[in-house]
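**Q** Before we start, here is the structure in question, set down as structure tokens.
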Amino acid sequence: MTEKLVFLGMGGTIAGTATSAGDNVGYTAAQLGVHALLESVPGLRVVLGGHAALSEQVCQIDSKDLVPANWQLLWQRVMHYLGMDTVAGIVVTHGTDTLEETAYFLSRTVPADLLRSKPLVLTCAMRPASSLTPDGPGNMADAATVALCPGARGVLVVCAGKIHSAAHVQKVHPYRTDAFDSGEAGPVGLVEEGHVRLLSHWPAVDTNAGMLAGDASNWPRVELLLSHAGATGALVRALLQDRAEESPLRGIVVAGTGNGTIHQAMEAALRDAQAQGVRVVRVSRCAYGQVVGGAPAHRSGVFVAAGLSAVKARIALMLEIAAQP
Ligand code: SIN
């Protein structure tokens, strides 16, 4: 039977349209279906190399508005297709704004045995489909190339000719088409004229992947705060007061200054939160590097440090809390 490459649509700018082809900014995201996007991919038949393309619209959303239920639905469809013998891999078209969060979420929740030989590749665009010079079709062709590349594995992001791992990828620019970066780790590889050139190894797959169970609206609530000059404990106290609400606060991730330090006023409030059973994790708000040193060299050391970006640490903490007995 012909093997398939599955394209799952989530919306985003790649599916966006503007009233004028010259407008790359004033558009509405998530307008075209993934089937229509496929039709605009240059040389798709050559890229597919005998594989059949199968497409499904999973969501149609501006990714800034994603909610846990969207992730749950995408995860279900990914599991469905990766479990099929006739599927070689998956490409997900997604908005750029929270792409790194979805990629990381999938990398932590899709079982390793499904990703070892079948890559799950997320791609996107910075210009709408209606643009005079759209970047989405080329990115989709590159993503398909990666998804069908022998040896490729894991959850990957492909944009502007670069292949990033879910663990390191971050959106770093609000406008330019090469909007993603993998920081100090660098990209996994490049796609050049339809060929993959690896710069490092394909990412390891997570052998401890575990899914958040049940109704997505009940997944552990973890909020994200930023420490800064003039920070206070007001936001932490407001969150604590909110604890009795339907979705009680279970954790806080703080993007701290420098090596994960936290303003003393905010820190005092976070200690109260911790005393009330709220998990507190700190990360660095710096663009590069991660919190260094296990010993509490400063008082903020009472909070666990994560070597992840703030948005990914939030997902990791949700998974950790959900896995607790
Ligand atoms: C989105 O994230 O859905 C809109 C912005 C984009 O895709 O660049």
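**Q** Are any of the pairs 64/312; 118/162; 64/118 more than 24 Å apart by Cα-Cα distance, and if so, which?
**A** 64/118
**Q** I would also like to ask the following. For segment 148-213, which trypsin sites (Lys or Arg not before Pro) pass both filters: DSSP loop (anything but H, G, I, E, B) and at most 12 other C-beta atoms within 10 Å?
**A** 176
**Q** Also: To the nearest 20 debye, what is the magnitude of the charge dipole of the chain about its Cα centre, counting +1 on the Cβ of each Lys and Arg and -1 on the Cβ of each Asp and Glu?
**A** 640
**Q** Leaving out ligands and nucleic acids, note down the accessible area per residue over segment 220-323 with a 1.4 angstrom probe, in whole Å².
**A** Accessible area per residue, segment 220-323: 48 Å².
**Q** Each label point is 7 Å from the Cα along the Cα-to-Cβ direction; what then is the distance between the points at residue 235 and residue 213, in nm?
**A** 3.3
**Q** Moving on. Which order, highest average first, do 13-20, 37-44, 110-117 follow once you tally other Cβ atoms within 10 Å for each residue and take the mean per peptide?
**A** My ranking of the peptides, most packed first, is 13-20, 110-117, 37-44.
**Q** Residues of segment 21-56 with the amide nitrogen closer than 18 Å to a label point 7 Å from the Cα of residue 195, along Cα-to-Cβ, please.
**A** What the label zone holds, given the 18 Å backbone N cut-off, is 46-49.
**Q** Let me ask something else. Give the aspartates and glutamates reachable from residue 4 as a straight Cα distance under 20 Å; neighbours fewer than 8 places away on the same chain don't count.
**A** 39, 56, 85, 113, 142
**Q** Once label points are set 7 Å from the Cα along Cα→Cβ at both residue 86 and residue 323, what is their separation, rounded to one decimal in nm?
**A** 3.5
**Q** Same structure again: For the ranges 87-98, 253-264, what's the packing order if you count other beta-carbon atoms within 10 Å of each residue, average per peptide, and put the highest first?
**A** Highest to lowest by the protection proxy: 87-98, 253-264.
**Q** Considering only the chain, what is the antiparallel percent among its DSSP beta bridges, to the nearest 5?
**A** 30
**Q** Here is a further query. Which of the DSSP-defined H helices in the chain satisfy a minimum axial length of 18 Å, computed from C-alpha atoms, and a minimum mean Kyte-Doolittle hydropathy of 0.0?
**A** Both cut-offs are met by 310-323.
**Q** Given a 1.4 angstrom probe, what's the average accessible area per residue across segment 4-198, in square angstrom?
**A** Ligands and nucleic acids excluded, the figure is 39 Å² per residue.
**Q** Tally up the carbon and sulfur contribution to the accessible surface of segment 193-236 as a whole percent, 1.4 Å probe, everything protein left in place.
**A** 54
**Q** Sorted by average packing, counted as other Cβ atoms within 10 angstrom per residue and highest first, what order do 177-185, 118-126 take?
**A** Descending packing order for the listed peptides: 118-126, 177-185.
**Q** Measure off 7 Å from each Cα along the Cα-to-Cβ vector at residue 39 and residue 23, then give the distance between these two points in nanometres to one decimal.
**A** Taking the simple label geometry, residue 39 and residue 23 are separated by 2.3 nm.
The values are calculated or read from the model by the stated rules, or taken from the named source; none is laboratory data. As the structure is a prediction and not an experimental result, all values here were calculated from the model. We place every Cβ from the backbone using ideal geometry, glycine too, and count neighbours over all the protein chains shown. These area figures cover heavy atoms from the full protein model, side chains too; ligands, DNA and RNA do not enter into them. Shrake-Rupley method; radii C 1.70, N 1.55, O 1.52, S 1.80 Å.
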